[in-house]
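A quick write-up on the structure given underneath.
The values are calculated or read from the model by the stated rules, or taken from the named source; none is laboratory data. These numbers come from a predicted model, not from an experiment. All Cβ positions, glycine included, derive from the backbone under ideal geometry; neighbour counts span all protein chains shown.
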Amino acid sequence: MRRAPRGAAGASRRCGRLALACLSAALYTAACVGTEGQAPAGTPAAGVAAPASPQSPRGKRVGPAKVAPVVVGDLRIEVLPWGKARGLGQNGGYIAAFDRDSGKELWVLKVYEVHYDPKLEPDAQDVFISALSKALFGAKLNVTDELGRKYVVDVLTRTVQAR
């Protein structure tokens, strides 16, 4: 069995190991941010505090990442993350259309349903829209939620299709 070195040499090695561990943790944390605010696979989702241990509960959400609006014809389409604040029944899953010239809100559309388990905290179950882009053809939008589900929204007919 190998003995731990004593004195200054042993302390220096322990400090070196501690510095290496701190550097590794810092690099891991930086990698978790990802390229577009998305956490890499197998890491905690962006906006959710990581649990301290497997037995500890998940942390509270800090809110969704900002999603840029998309212009389709005379409409500016924006993600509406806080639906409950407007009496809509759920947070996430809504888009709003605004007149591009006046800025007046014209309509709100639910893209998908968020199902809440009454035994769990509602804010930990919110599923927000994470990406919004104009489709290549027609007056359509591509919508992706935080779970990776994809939808196509026709802004003229206000219909939604899951992809």
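Here are some notes:
- Check on Asp123, among the charged types (D, E, K, R), exposed (fewer than 15 other Cβ atoms within 10 Å of the Cβ), in contact with a strand residue (DSSP E or B) (Cβ under 9 Å, 6 or more places away or on another chain) and modelled with pLDDT under 95: yes
- When the strands (runs of 3 or more DSSP E) confined to segment 64-150 are screened for residues that are on the phi < 0 side of the Ramachandran plot and polar (S, T, N, Q), those reaching at least 2 such residues are found at 129-134, 140-145.
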